[in-house]
């Protein structure tokens with residue numbers, strides 16, 4: 001029997017027709033009394049196979065935006081090899097339209113910018129506007145992080161976050177003394193924060209001049225390796241790359257909740273449920289912790 005379609009499962013229609021296609025020889029040999037349009041089934045399975053493979057990848061651990069975009073582009077490439085397949089052509093057109101919307105999202109573009117598989121010297125994946133868009137968003141993220149940590153950084157667009165009270169000296173005969181004194185007071189007010197913002201911006205812009213990394217590269221491991229050499233940039237990259245690209249983690253949490261909140265444990269309060277769910281979803285992390 002072929003796998004049956006399930007409305008609550010990803011790819012269930014593809015799985016059903018794919019299993020049916022695997023039974024084509026059996027059906028023909030035994031002359032099963034049913035009318036099946038095998039051309040329809042073959043075209044459907046061929047077109048949706050790249051989609052199914054891509055959606056299965058979404059369920060893997062530590063799956064970041066760059067991984068998602070890589071698999072998306074691979075799916076497009078496979079669909080392009082089937083120009084005579086109406087399903088493939090329609091899917092490809094829809095994906096390309098949707099991709100335009102994705103590239104308008106600041107978080108999405110910023111995550112790709114921090115990914116050397118896509119952001120490199122003369123990259124075809126970015127135009128100048130998108131690069132500026134990404135850098136601006138990442139600088140804003142950096143400012144917000146520093147503020148949350150109690151170490152606010154001034155806005156990059158306005159190097160002087162607050163006006164410094166200026167009291168000019170009238171005793172100097174130097175033509176530019178007043179201007180020099182004002183600039184000096186600015187520098188004394190926030191020398192560290194202005195320097196930090198400029199350094200981060202320069203380093204971010206420098207990422208566009210690096211060499212490209214292969215698509216199989218684990219970008220999270222790459223940035224972990226830079227923690228000691230570029231701690232601020234590596235920390236910022238971890239935040240930018242942490243944006244979830246699917247709802248898999250949410251679905252996994254609901255599945256875990258079914259195992260915790262059973263009819264025999266219906267009197268658990270909300271705090272205990274949260275704690276048990278936290279431990280179950282991070283079981284590997286807790287197993288590696290030393291509580292002694």
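The values are calculated or read from the model by the stated rules, or taken from the named source; none is laboratory data. Keep in mind that what you see is a predicted model, and the values were worked out from it rather than measured. Quick reminder, even Gly has a Cβ in these numbers, built from the backbone with ideal geometry, and neighbours come from all protein chains shown.
Would you list the helices (runs of 4 or more DSSP H) that sit entirely within region 1-69 and hold 2 or more residues that are touching a helix residue (DSSP H, G or I) at 6+ places or on another chain (Cβ under 7 Å)?
Working: elements: 12-22, 24-29, 38-57.
Fully inside region 1-69 and qualifying: 12-22, 38-57.
Scanning region 73-102 for residues that are outside any helix (DSSP H, G or I) and buried (at least 16 other Cβ atoms within 10 Å of the Cβ) yields 82, 85. Scanning for something touching a residue at least 24 places away in the same chain (Cβ under 8 Å) and under 23 Å from residue 146 (Cβ atoms), does region 223-230 turn up at least one residue? Yes: one or more hits.
Within region 235-263, the set of residues being under 21 Å from residue 10 (Cα atoms), in a loop (DSSP other than H, G, I, E, B) and either free of Cβ contacts under 8 Å to residues at least 12 places away in the same chain or touching a strand residue (DSSP E or B) at 6+ places or on another chain (Cβ under 7 Å) (or both) comprises 244, 247. When 129, 121 are checked against the criterion of being assigned to a loop (DSSP other than H, G, I, E, B) and exposed (fewer than 11 other Cβ atoms within 10 Å of the Cβ), 121 stands alone in meeting it. Every listed requirement among (1) under 33 Å from the mean Cα position of the chain (by Cα); (2) at pLDDT 85 or above is met by residue 42 save one, (1). All conditions in (1) in contact with a helix residue (DSSP H, G or I) (Cβ under 9 Å, 6 or more places away or on another chain); (2) closer than 29 Å to residue 249 by Cα hold for residue 93, with the sole exception of (1). Filtering region 146-161 to residues that are crowded, with 16+ Cβ neighbours inside 10 Å and either at pLDDT 90 or above or under 16 Å from residue 106 (Cβ atoms) (or both) leaves only 156.
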